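The values are calculated or read from the model by the stated rules, or taken from the named source; none is laboratory data. Predicted model, so just to flag it, every value in this text is computed and none were measured. When we count neighbours, we look across all protein chains shown, and the Cβ atoms used for this are built from the backbone with ideal geometry, even at glycine. Side chains are part of the model used for accessible areas, which takes the heavy atoms of the whole protein and leaves out ligands, DNA and RNA. Shrake-Rupley method; radii C 1.70, N 1.55, O 1.52, S 1.80 Å.
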Amino acid sequence: MKGTLKLGSVSGIKIEVHWTFTLLLVWVAFIEVKAGADLTRILINEALILVLFGCVVLHELGHALTAKRFNIKTKNILLLPIGGVASLEKMPDKPGQELLVAIAGPAVNVVIAFLLALVVPFKYYLGLSATEMTEVLYTPSLPNFLLYLFTANIMLVVFNLIPAFPMDGGRVLRALLSYRLGRVKATKIASGIGQTLAVVFFVLGFLYNPFLILIALFIFFGAYAENQMVQRTSLLKGHLVKEATLTNITILSPVNSLQEVIDLLLTSTEKDFIVRDKDEIVGIIAYKDIIKNANTPCTLVKEIMQKHFRTVDASASLTEVLEMIGREKHGFYPVIENGKLIGAIDQVNLSEFILLKSASLN
């Protein structure tokens with residue numbers, strides 16, 4: 001992914017940090033300098049941020065490794081200024097499994113907080129007066145560092161368990177509601193709560209802390225996207241690939257020139273093409289590759305076609321294709337029936353199929 005740095009991998013799960021994460025470190029340093037802090041305090045706060053985000057990685061690994069138990073892969077864990085995101089291929093459809101995956105992340109922070117509670121000298125802090133407490137907490141020390149880390153993990157648990165989608169609490173709420181209401185209605189309720197909370201955070205961000213605006217946008221659009229995905233998946237249930245297959249398509253030969261393909265682009269609505277040699281599909285040529293090589297129109301199709309591609313069976317479920325498109329970020333597949341090519345399915349036609357099914361229900 002562009003703009004990210006790979007930190008390593010755990011159980012095949014890539015851990016990456018987005019470049020914008022550095023903005024958080026700069027912002028924390030700026031706040032401390034503005035408050036008159038010395039270099040030691042600035043470095044300790046920067047270290048606290050780094051260690052805390054280590055806890056965030058463990059939180060996301062809790063989700064990812066639990067999902068792995070249900071044969072759900074995680075592409076990567078991405079660290080952003082507002083937290084971490086584990087890119088699961090999908091959430092489990094069964095409420096019980098989703099509940100376990102959702103609760104696993106906060107459970108990791110509970111364990112971390114418990115371990116820290118064993119070494120934080122709470123009795124010492126409780127014996128201080130308010131004035132002494134303020135002075136002691138401002139002084140850089142290992143006990144203070146551990147106390148701040150303990151507090152931060154507790155806050156992570158509380159924040160993540162707010163029952164608003166797409167946070168863990170929202171997923172827990174959806175899982176519980178799904179037992180009685182079904183996944184579609186449960187998602188609508190959880191995402192609605194999430195978007196309402198996002199509006200509240202947005203207003204508070206303007207009044208108090210601009211950082212809340214970023215969180216508000218993340219929650220609002222995350223809730224919207226999840227609700228739309230579940231709605232689309234619901235509409236596609238029970239429908240097969242052959243129902244949405246494009247059959248009136250142009251089949252290219254490996255020896256067609258790119259100029260011929262460009263002419264097809266300009267005279268039809270097709271953007272991606274299947275390449276066949278005799279009766280064998282040998283590749284596909286994508287719109288982006290056509291545009292990329294448009295300055296060399298004499299190039300042959302076989303020189304720029306994608307030789308590694310996936311086909312789908314006409315009897316496969318459309319929900320499987322929707323998941324493939326989301327997982328692979330590619331939206332064009334040859335469709336096979338009884339070993340023969342009968343057409344193709346792409347993201348645009350699948351979206352049109354969803355719109356038509358949605359309109360028919362209104």
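Output yes when any residue across region 298-321 is modelled with pLDDT under 90 and at positive phi, and no when none is.
No - not one qualifying residue is present in region 298-321.
Please pick out the residue among Lys94, Lys90, Lys123 that is within 17 Å of the chain's Cα centre (by Cα), charged (D, E, K, R) and at pLDDT below 90. Steps first, please.
On the way: Lys94 fails: within 17 Å of the chain's Cα centre (by Cα); Lys123 fails: within 17 Å of the chain's Cα centre (by Cα).
Of the residues listed, the single one that is within 17 Å of the chain's Cα centre (by Cα), charged (D, E, K, R) and at pLDDT below 90 is Lys90.
So which of Ala64, Ala107, Ala102 is within 30 Å of Gly182 (Cβ to Cβ) and touching a strand residue (DSSP E or B) at 6+ places or on another chain (Cβ under 7 Å)?
Going through Ala64, Ala107, Ala102 in turn, the sole match is Ala64.
Determine whether Leu177 is under 27 Å from Asn45 (Cα atoms) and modelled with pLDDT of 90 or more.
no
I'm told Thr247 meets every condition in (1) more than 29 Å from the chain's Cα centre (by Cα); (2) surrounded by 13 or more Cβ atoms within 10 Å (Cβ to Cβ) except one. Can you identify the failing condition by its number?
With respect to (1) more than 29 Å from the chain's Cα centre (by Cα); (2) surrounded by 13 or more Cβ atoms within 10 Å (Cβ to Cβ), Thr247 is out only on (2).
May I ask you to verify whether Phe70 is among the hydrophobic types (A, V, I, L, M, F, W, C) and in contact with a Pro (Cβ under 6 Å, 6 or more places away or on another chain)?
yes
Enumerate the strands (runs of 3 or more DSSP E) found wholly within region 1-109, keeping only those where 1 or more residues are of a type in the set (Ser, Thr, Tyr).
The strands (runs of 3 or more DSSP E) meeting that bar are 4-10, 74-80, 83-88.
Just wondering, is there one or more residues in region 53-60 that are modelled with pLDDT of 85 or more and of a type in the set (Val, Ile, Thr)?
Checking region 53-60: at least one residue is modelled with pLDDT of 85 or more and of a type in the set (Val, Ile, Thr).
Kindly indicate the residue of region 5-62 that is open to solvent by 40 Å² or more (accessible area, probe 1.4 Å) and among the hydroxyl-bearing types (Ser, Thr, Tyr) and also nearest to Leu80 (Cα to Cα) among those meeting that condition.
Among residues in region 5-62 that are open to solvent by 40 Å² or more (accessible area, probe 1.4 Å) and among the hydroxyl-bearing types (Ser, Thr, Tyr), the one nearest to Leu80 (Cα to Cα) is Thr22.
Going by the structure shown, is Arg310 outside any helix (DSSP H, G or I) and under 15 Å from Ser253 (Cα atoms)? Even if it seems obvious, please write down each step before you answer.
Working: outside any helix (DSSP H, G or I): yes; under 15 Å from Ser253 (Cα atoms): no.
Answer is no for this residue.
Which of the residues that make up region 1-47 are free of Cβ contacts under 8 Å to residues at least 60 places away in the same chain and of a type in the set (Val, Ile, Thr)?
Listed by number, the residues that qualify are Val10, Thr22, Val26, Val28, Ile31, Val33, Ile42.
If a residue must be buried (at least 19 other Cβ atoms within 10 Å of the Cβ), aromatic (Phe, Trp, Tyr) and part of a helix (DSSP H, G or I), how many such residues does region 148-184 contain?
So the count comes out to 1.
Condition check ((1) in a helix (DSSP H, G or I); (2) of a type outside the set (D, E, K, R); (3) at pLDDT 90 or above) across all residues:
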{"residue": "Asp263", "(1), (2), (3)": "yes, no, yes"}
{"residue": "Glu270", "(1), (2), (3)": "no, no, no"}
{"residue": "Arg276", "(1), (2), (3)": "no, no, yes"}
{"residue": "Gly283", "(1), (2), (3)": "no, yes, yes"}
{"residue": "Val335", "(1), (2), (3)": "no, yes, yes"}
{"residue": "Ala344", "(1), (2), (3)": "no, yes, yes"}
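Could you say which residue among Asn209, Asn256, Asn227 is open to solvent by less than 80 Å² (accessible area, probe 1.4 Å) and in contact with a Lys or Arg (Cβ under 7 Å, 6 or more places away or on another chain)?
Answer to the selection: Asn227.
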